[in-house]
Amino acid sequence: MKLDLALRELHRSEKSLAADLLKVADRHKVDHEIYHVARDLARWSQQHGYELAEVGKRYGLTLADDVESDSGLLAGVREKVSELAGRRPEPGLLLLADLRHLHRVAAGVSLDWELLAQGAQAAKDSELLALTRRCHPQSLRHTPEPRGNRGDQLAAHRLPSRGAGSRAWPSSRPAGAC
C-alpha cells in the first residue's frame, strides 16, 4: 500500500467532512443539539487534519494544515436562512437529507482510517498506527443518525402518507439500524 496516497486521501476526506459538518451546523442553527454536536465533530475532523499533516511530512507530503473554517459570507447567509426556515415544517426533511449526506461522507472517512491502519501495520509504522488507533474511534462517532424515534417523527409529521393509516417509511427495523 502506498501510505502517502492513503494519507493524502484521508486528509482530504477529513477536511471535506469538517467543511460539511460546519455547513450543516450553520444550516440548522435553530436546532441547538444539531448545531453544537456538528461543530464539535467538525473540530475533531480539523484536529485529525492537523495531525495527518504532521505525519505526512515523514512521507514527503505537504498537506495543508489549515482546515477551512466556514465563517465567511455564505455561513452568515446559511445561519439567517436557518433562522427563517426553522419556523417552517420542511427543515425536518432537510435535516434528514443532511444527516444522510454526513453519514455517507463519515463512512468514507472511517474506511480511509481502516485502510491507513492496515497500511501502517503492514509497514510496521508504530507512530502512524497509534494515530489511527486514537483518531479512528472518534471518526466512528461522526456517523450521525437521528436519536430515538426522531427520524420516524420527522417522516410521519412532514411526509405525506401513502393512504389511511400507512406510514411514510417502513419501521420494521429497530431505531438506529441500517
Could you list, in sequence order, all residues of the range 121-159 that are at pLDDT 85 or above and part of a loop (DSSP other than H, G, I, E, B)? 123, 124, 125
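Inspect all residues belonging to the range 25-32 and state whether any of them is hydrophobic (A, V, I, L, M, F, W, C) and over 17 Å from residue 116 (Cα atoms).
Step one: of the range 25-32, the residues hydrophobic (A, V, I, L, M, F, W, C) are 25, 30.
From what is left, the residues that are over 17 Å from residue 116 (Cα atoms) are 25, 30.
Within the range 25-32, one or more residues are hydrophobic (A, V, I, L, M, F, W, C) and over 17 Å from residue 116 (Cα atoms).
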Please determine whether any residue of the range 85-96 is touching a helix residue (DSSP H, G or I) at 6+ places or on another chain (Cβ under 8 Å), within 19 Å of residue 141 (Cβ to Cβ), assigned to a helix (DSSP H, G or I) and modelled with pLDDT of 90 or more. no
By residue number, the members of the range 11-24 that are among the charged types (D, E, K, R), in contact (Cβ under 8 Å) with a residue 12 or more places away in the chain and closer than 24 Å to residue 117 by Cβ are 14, 15, 20
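Select from the range 18-33 the residues that are under 23 Å from residue 135 (Cβ atoms) and touching a helix residue (DSSP H, G or I) at 6+ places or on another chain (Cβ under 7 Å) and list them in ascending order.
18, 20, 21, 22, 23, 24, 25 - these are the residues of the range 18-33 that are under 23 Å from residue 135 (Cβ atoms) and touching a helix residue (DSSP H, G or I) at 6+ places or on another chain (Cβ under 7 Å).
The values are calculated or read from the model by the stated rules, or taken from the named source; none is laboratory data. Computed from a predicted structure; not experimentally measured. Neighbour counts are summed over all protein chains in view; Cβ atoms, including those assigned to glycine, are modelled from backbone coordinates with ideal geometry.
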